[in-house]
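**Q** Structure in structure tokens, see below.
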Ligand code: HEC
Ligand code: HEC
């Protein structure tokens, strides 16, 4: 138990997150002996508060059940005479917690990389394989597995040092108006966060409300209990913040499938008639990095579940 110091760097850990941390560690230690990563926990998911009670109830038994085990099977699957397990431990013991620090700076590339890119780098450079296709079951489930090895631990992505210019580039992309509709990410995800846009409750990636989280959660639940859904959603969406990077890949009911954060970013671009960039494009990696810095302190909780 005492060995799990991953992500405990005080500067990123908000007071309000201490409870989550504790819960996460309990889940974590409970499964240590079998080296099985803890599963997604609805109660650790900040973003769920803005959705309806019906959806939140579904999240207790999400359609993602079993996906971590499917990821493990792929982790142990032989490809070109090698398996991920032969280098990283039978159940990935040696990768425990590392995903909480991703996206991470890659000195060889001179830029940040996301987990999917690291997995494909291992496949190409260490296993002599072709890279796996984006959004294919193999890459999604391996990503789920590696990230789930950090489930319950707070995201602690580096925002300074060599990553600073890339975080800044991500933030610029988040603020810049684009496309026919001339809107930026922030217009949908800050200005109208918590309200409904074409029947969808808008999230905000920021977790700036976490310090007062408990009081806010009580306010949300009280509004909810009185049937004041609009008020509950707007408090939850806009004030508490939802995080984003810590719960993707996620299963989206609307899409009926598991998808990566890269996929989410591409569809957000398409929503405003911006031609999406290729998966893993530098701009999307920078955006994912920026979003991750906003989610720092939230417990990794993969695979997520969204309406
Ligand atoms: C032959 C050994 C080998 C195999 C097989 C291998 N890796 Fe790796 N992996 C490494 C080494 C060495 C590193 C660290 C250096 C680097 O980044 O390349 C690494 C790094 C990683 C990291 C990042 C760790 C960190 O601390 O940031 C992840 C995640 C990872 N591998 C996942 C996988 C997955 C998933 C597979 C199977 C598809 C796999 N690896 C197959 C050797 C291997
Ligand atoms: C026209 C409005 C619009 C714009 C502009 C937009 N999005 Fe979205 N985005 C949505 C909607 C609708 C959803 C689904 C509801 C939700 O979760 O907020 C969503 C969901 C998301 C999510 C998932 C949130 C979660 O809780 O899982 C992320 C992350 C995200 N968007 C990031 C971005 C980024 C980054 C940009 C800019 C490149 C962007 N969005 C631009 C409408 C937009």
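No lab work stands behind these numbers, since they all come straight from the coordinates. This one's a predicted model, so the numbers in the text were calculated from it and none came from an experiment. Heads up, the Cβs are rebuilt from the backbone with ideal geometry, glycines too, and the neighbour counts pull from every protein chain shown.
**Q** Using 7 Å Cα-to-Cβ label points, what is the residue 65/residue 160 separation (nm, one decimal)?
**A** Label at residue 65, label at residue 160, 4.5 nm between them.
**Q** Measuring from label point to label point, each 7 Å out along Cα→Cβ, what is the residue 130 to residue 105 span in nm?
**A** 3.5
**Q** For residue 255 and residue 181, FRET efficiency with R0 = 35 Å and r from the beta-carbon atoms, rounded to 0.05? Each step should come with its number before you reach the end.
**A** Details: r = 22 Å, r/R0 = 0.62.
The computed FRET efficiency comes out at 0.95.
**Q** Give the calculated FRET efficiency between residue 121 and residue 273 to the nearest 0.05, with a Förster radius of 25 Å applied to their Cβ-Cβ distance. Don't skip to the answer; put the middle values down first.
**A** Values: r = 33 Å, r/R0 = 1.33.
Computed FRET efficiency for residue 121 and residue 273: 0.15.
**Q** Once the piece of chain linking residue 54 and residue 93 is laid out straight, how much longer is it, given 0.36 nm per residue of separation minus the C-alpha distance between them?
**A** Working: separation 39, 0.36 × 39 = 14.04 nm, distance 3.63 nm.
The residue 54-residue 93 span can extend by a further 10.4 nm.
**Q** Counting other C-beta atoms within 10 Å, which of 87, 122 has the fewest, and how do the rest follow? Show your work: numbers first, answer last.
**A** On the way: 87 13, 122 16.
In order of increasing Cβ crowding within 10 Å: 87, 122.
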